[in-house]
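All remarks here apply to the structure that follows.
The values are calculated or read from the model by the stated rules, or taken from the named source; none is laboratory data. These numbers come from a predicted model, not from an experiment. When we count neighbours, we look across all protein chains shown, and the Cβ atoms used for this are built from the backbone with ideal geometry, even at glycine. We work out accessible area using only protein heavy atoms, side chains counted, and drop any ligands, DNA or RNA first. Shrake-Rupley method; radii C 1.70, N 1.55, O 1.52, S 1.80 Å.
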Amino acid sequence: MDTAARQLQAEVNRLQHELQTLKVQYLNDDDELITISEYILKRLEQLNVTSIFGVPGDFNMPFLDFIEDHPTIEWIGNCNELNAAYAADGYARVKEHSIGVVVTTFGVGELSAINGIAGAFSEMVPVLHIVGVPSTTQLKNKPMLHHTLGNGKFDVYTKAAEQVTIAQAMLMNKTQAATEIDRLLTECIVHARPVYLTLPMDLTTEKIPAKRLKVELSRTPPPNDPDVESYVLDEIMELVDDAKQDIIVLVDACAIRHDMRQEVNDLLVTTQFPVYATPMGKTAVSEEHERYGGIYIGSITHPSIKERVENANLILSIGGLKSDFNTGMFTYRIPATHTIELHSDHTLVRHAKFPGIGMKSLLPKLTERLSKYQEGASRIPVPHYKLDVPKESDDKISHAYFWPRVGKFFRKQDVIVAETGTSNFGMMDVPMPEKSVFVSQILYGSIGWATASTLGAALAARDKCLGRTILFTGDGSMELTVQEISTMTHHNLTPILFVLNNKGYNIERHLHGLNRKYNDIVDWKWTSLLTTLGDLEGKMSKSYTVRSKSELNKLLDDEEFASAQKIQLVEVIMDKYDTPRALQAAADLTAKMAAGHL
């Protein structure tokens, strides 16, 4: 054998040895075993989860040991399970490309959380609900355990969860554990809905192969049928041609929930079409965008915006969600013949529905074909909506004054949380700065949601290095979930909490029972809350009461206050019967609906 041949053979031998080494290493990697608890947490780590919410109970504590010992995921112990579910919801909304996670115990804990999970389902928020349950032996034998109904029916809680989650997995052995966990998480992130996982105590430490962790979970929705998608694009383009460039884009909630912000922005840059948003779509598009015209809420809309939207030849609706409060009590005046609706799992072109044609794949292709309209569309003027602070003769803080004024207080990248009702309606017309995040629960509308949700929102904002977290809520709403302020303080969060003190349920008063006692509440000493709930020495917080415009302006202009270095609560004294413009209009429409006049 000559020298060249020997060198070649040596190289072949070397490569074969390296290949064998890699095979052995791969097999060893495949043979790696980790506990089911570690597998769950590793998947959550891959999804960029850094906080898990919940309340300890004897059936979930074996799993909590693993959470507490995890190097990058922090256990956020809550005051009750409902608050924990609300916090997980707020966390998922702000974190994006991630999910919220809540851990409860069997029966009593999970039922306490179920209202929060239902809200996440209603509003399409991805939340994983992990329930620590009795051992697999106990689940099979059904003894009369605590936290059960005492009738041997161990599946009643799971049946309840099935109504408010998109997928469920009840682990009973280690064989299918990894497959089931991955299935659940994929459903959660693709469909933006909550899912439910039961984890028996005896399975928390069972070991399973780790090899599936090498493959990332898919975030991609099911592919569109290419032939149907092509037909839909042709149909849309025909309508666009007929519209003679009088086209507007209307962005709604599902554009946020299904991660369409970038695709929507690409559409606007490419086409220069005017764009408007719904209340649930607020901040899906930058409200400082040069082509942004304001919020459309049916008949409640500002007249100039209403006229522009309803008179357009064609409306391209992205991620629409036509609930009562999101549509001005169903007062849209937009005919289906002038509308194209893009949704996560179907497309509507006028009256024709195309199931399985989702916007994630469709919109980029549509954007490319619409680029030729940019020059003409860019010449269509879009008056930039602004909300001036009114000049009022007295010094009392009115809603007409308060909301435009706090709008001037907002900064780029602020996270703004508004409670269902007064705060939500007050905030609708307020323009938001660039890259700000607006968080509200307009569809489900669970009173008290916002305070606990602020905990999750503030943690996510800290993770993402966003701006301040600012809550607007009413005194009645905060009394439901106020305990979670202590959790905020414990974790060194510094939100600004505006509490509107109008001595009761303002939205309820204006919907029904203006002078009824059931809409009144017991007043609290609001400025003592922070030092009661966590800041016992009074060094980590500051509280204020403002009773007049001058006091409000002085506080909002104070740089130390605005810097949000401490958790701060602002009690805003308002008239018992005053209410935002949009809320009064919605209440009037509700009364007409109740009387059968709409």
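Structure notes:
- Percent accessible area from carbon and sulfur atoms, the chain, protein chains only, probe 1.4 Å: 52
- Relative contact order (%) - the chain, alpha-carbon pairs under 8 angstrom, separation at least six: 12
- Taking the convex hull of the alpha carbon positions in segment 184-289 and averaging its projected area over all directions gives 10.9 nm².
- Taking amide H positions as modeled 1.01 Å from N, with prolines and chain starts lacking one, the residues under 5 Å from I34 and 5 or more places away or on another chain are I208, A210.
- Stokes-Einstein D for the chain, Kirkwood Rh over Cα pairs, 20 °C, 1.002 mPa s (µm²/s): 82
- Of the DSSP H helices in the chain, those with a Cα length along their own long axis of 18 Å or more and a mean Kyte-Doolittle hydropathy reaching -1.0 comprise 3-30, 81-95, 108-122, 177-191, 226-242, 449-463, 581-594.
- Sparsely packed chymotrypsin sites (Phe, Trp or Tyr not before Pro) within segment 421-485, loop by DSSP, other Cβ within 10 Å at most 12: none
- q = 0.10, 0.13, 0.18 Å⁻¹, segment 24-214: log10 I(q)/I(0) [Debye, one scatterer per Cα]: -0.36, -0.62, -1.20
- The count of lysine pairs in segment 226-379 whose Cα atoms are under 22 Å apart, excluding pairs fewer than 8 places apart on the same chain, comes to 11.
- Shown in residue order for segment 557-565 are the 3J(HN,Hα) couplings computed by the Karplus curve 6.51 cos²θ - 1.76 cosθ + 1.60 at θ = phi - 60°: 8, 7, 5, 5, 4, 5, 6, 6, 7 Hz (x for Gly and Pro).
- Amide H contacts under 5 Å for T469, placed H, 5+ residues apart: V415, I496
- Working from label points 7 Å from Cα in the Cα-to-Cβ sense, the N311 to K396 distance is 3.8 nm.
- Taking all protein chains into account, the per residue accessible area for segment 123-278 stands at 43 Å² (1.4 Å probe).
- Computed FRET value (nearest 0.05) for D463 with K207, which takes r as the C-beta separation and R₀ as 45 Å: 0.90
- Long-range Cα-Cα pairs in segment 226-379 (distance over 18 Å), rounded percent: 53
- With the whole protein complex present, I315 retains an accessible surface near 0 Å², based on a 1.4 Å probe.
- Relative intensity, log₁₀ I(q)/I(0), of segment 458-598 from a Debye sum that treats every alpha carbon as a point, q = 0.11, 0.16, 0.17, 0.22 Å⁻¹: -0.49, -0.91, -0.99, -1.34
- Amide hydrogen proximity for A167: with H placed 1.01 Å from N in the peptide plane, the residues at 5 or more positions away or on another chain lying under 5 Å are Y196.
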